[in-house]
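The values are calculated or read from the model by the stated rules, or taken from the named source; none is laboratory data. Owing to the predicted nature of the structure, the values given are computational and were not obtained by experimental measurement. Virtual Cβ from ideal backbone geometry, glycine too; neighbours counted across all protein chains shown.
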Amino acid sequence: MSKRYQNHIGGKWIDAVSGETFENRNPANWNEIIGTFPSSGAEEVNAAVESAREAFDAWRLTPAPERGDILRRVGDIMTARKKEIASNMTREMGKVLDETMGDVQEGIDTAYYAATEGRRMFGHTVPSELHNKFNMSVRRPIGVAGIITPWNFPMAIPTWKIFPALVCGNTVVFKPASDTPLTATTFVEILIEAGIPPKAINLVHGRGSAVGTPLVNHENVDLISFTGSTVVGKSISKSASDTLKRVSLELGGKNAQIVLDDADLELALEGVLWGAFGTTGQRCTATSRLILHAKVYDRFMEMLTSRAASLRLGDGLQSDTDVGPMVNQDQIDTVQRYIGIGKDEGAKLALGGSPYREGACADGWFHEPTIFTEVTPEMRIAKEEIFGPVLSVLTINSFEEAIQVLNNTKYGLSSSIYTNDVNCAFKAMRDIEAGITYINGPTIGAEAHMPFGGVKETGNGHREGGWEVYEFYTETKSVFVDYSGKLQRAQIDNY
Ligand code: NAD
């Protein structure tokens, strides 16, 4: 019998009212059931929001440094349990152990950053235009935060949202992806163990439409922070406008790596392999396009296809695995659909192209690393997010053309250029339409203390990570103290 997990609502671990559950399976071996989790809906969301609302007053009045101290303890517990959390994450979503260890580490880094932010919730003091008057701005928590997350970074992404929400004094209703409910459950257990008031952190498992929709529509939820696909992000943005909620959206990407003819090709090769096939291509920052200078095309493609062909597929818990499985059959189907589209559009399949079911991979959602060449900028495989181990290669003849091709998508998350020409590097930093640009590094690899997010249809202008995210989770209040003892009318009595 697989273990039965629960929601955390109103300070208690409880089943869904209906008693219904869903299974969480290991994508490297779908016969392994990791656990069953409650299939929740609006009733559970209502109870969770009520709990978070009830806990809000006491939590907002807890001094911010004290709130931060609890997050430091969260970081300590996560550090002590890092390997165990990472192994379970690999079992539930497939990426290799090195990467799940990195995912947990990003959560730890975010915890320690957030802990100190409790002592740094700066406002401003500025001079008044009137005599004997004092002006300042202070930051206030907003209320109940609805947090909706994807499965590809099951620990890092929830921590990017929930730590700043909590340290700023908000309470939380957390709806994790249904492919990674175990990591979410462990995370909430740790928050409670460290001292977050149990009613302030609520966890509701279930499907997006069943749990996410009522959360977004709820009139007592003050903000939504969502990471996921652009199509769902747009629908959330529309629904949330009915209650004028604050909404942060981190959405899809179609990231590209440019390799110019003066680049260090060995370095660029390591970058594109890691960027395109790390996390089996299921990263929002994955390298989905290689924009390659014609002068180095033949040499680089030979290097790339031979290295990509030698990547070893397997269970992410095995130390000799380079590429783990995809998360589920739906992801395989999406990738297969795009491979069909690429062929129909006239691109050439240079490597891979099929699901992989050999040997130890027989019962898992594995897919061959796949490379398309002869891709042109207007093809769908050059512009749309695939979210799998598929790389589209486009050829260019100049730096200017490379930038034009790179910008030719509705997304704008991450980007990269390999060149030793400092002028090209600086022009790329200026002209690439993306929230993130790497010079001589792959498109993937966020750091907890740097702002993270994208432009165009990758988001709605907010950032996670670093100092910027704290703006999202607080309201600014302007405070005026008039100690003149008389009525002073701004703009009237002084001019
Ligand atoms: P998804 O949009 O299908 O789901 C994301 C979350 O939203 C899940 O928890 C899901 O259950 C929930 N959801 C689904 N439908 C909903 C609805 N109607 N209302 C409310 N919630 C709903 O995305 P996914 O497949 O889990 O993740 C992959 C996508 O996420 C990719 O597009 C990827 O680029 C994107 N992503 C973006 C970032 C970023 O920071 N920009 C990071 C990671 C992933």
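A few comments on the model shown:
- A count restricted to region 308-323 and to residues that are more than 16 Å from Gly353 (Cα to Cα) and surrounded by 14 or more Cβ atoms within 10 Å (Cβ to Cβ) stands at 7.
- Members of region 1-41 found to be over 30 Å from Arg312 (Cα atoms), within 25 Å of the chain's Cα centre (by Cα) and of a type outside the set (Phe, Trp, Tyr), listed by number: Gln6, Asn7, His8, Ile9, Thr36, Pro38, Ser39, Ser40, Gly41
- Applying the criterion of being assigned to a strand (DSSP E or B) and more than 12 Å from the ligand (Cβ to nearest atom) to the residues of region 230-262, the residue that is farthest from Tyr297 (Cα to Cα) is Arg246.
Every residue, every condition in (1) in a strand (DSSP E or B); (2) within 16 Å of the ligand (Cβ to nearest atom); (3) surrounded by 16 or more Cβ atoms within 10 Å (Cβ to Cβ), yes or no:
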| residue | (1), (2), (3) |
| --- | --- |
| Arg337 | no, yes, no |
| Asp344 | no, no, no |
| Ile371 | yes, no, yes |
| Glu385 | no, yes, yes |
| Thr395 | yes, no, yes |
| Glu401 | no, no, yes |
| Ile417 | yes, no, yes |
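- Sub-6 Å Cβ pairs linking a first residue in region 204-222 that is under 19 Å from Arg246 (Cα atoms) to a second residue that is of a type in the set (S, T, N, Q) and near the ligand (Cβ under 8 Å from one of its atoms), at least 6 apart or interchain, are Val216/Ser239; Asn217/Ser239, ordered by first then second residue.
- Region 1-39, residues that are of a type in the set (A, V, I, L, M, F, W, C), under 14 Å from His205 (Cβ atoms) and part of a strand (DSSP E or B): Ile9, Trp13, Ile14, Phe22, Ile34, Phe37
- Condition broken by Thr213, with the remaining ones in (1) part of a helix (DSSP H, G or I); (2) within 20 Å of Ala55 (Cβ to Cβ); (3) not charged (D, E, K, R) satisfied: (2)
- Within region 446-480, the set of residues being within 13 Å of the ligand (Cβ to nearest atom), among the small types (Gly, Ala, Ser) and either outside the structural domain of Pro164 (by TED's automatic domain parsing) or more than 19 Å from Asp109 (Cβ to Cβ) (or both) comprises Ala446, Gly453, Gly454, Gly459, Gly461.
- Residue within region 110-123 that is assigned by TED's automatic domain parsing to the domain that holds Thr79, within 14 Å of the ligand (Cβ to nearest atom) and under 23 Å from Arg283 (Cβ atoms) present: yes
- Taken over region 346-369, the criterion of being in a loop (DSSP other than H, G, I, E, B) and not polar (S, T, N, Q) is satisfied by Gly346, Ala347, Gly352, Gly353, Arg357, Glu358, Ala362, Asp363, Gly364, Trp365, Glu368, Pro369.
- Condition check for Ala165: within 13 Å of the ligand (Cβ to nearest atom), in a helix (DSSP H, G or I) and hydrophobic (A, V, I, L, M, F, W, C): no
- Among the residues here, Thr227 does not qualify as surrounded by 24 or more Cβ atoms within 10 Å (Cβ to Cβ), farther than 25 Å from Glu475 by Cβ and within 16 Å of the ligand (Cβ to nearest atom).
- Condition check for Ser209: surrounded by fewer than 19 Cβ atoms within 10 Å (Cβ to Cβ), within 14 Å of the ligand (Cβ to nearest atom) and among the hydroxyl-bearing types (Ser, Thr, Tyr): yes
- Residue in region 176-195 that is in a loop (DSSP other than H, G, I, E, B) and either modelled with pLDDT under 95 or over 20 Å from the mean Cα position of the chain (by Cα) (or both) present: yes
- Residue in region 290-305 that is assigned to a loop (DSSP other than H, G, I, E, B) and not aromatic (Phe, Trp, Tyr) present: no
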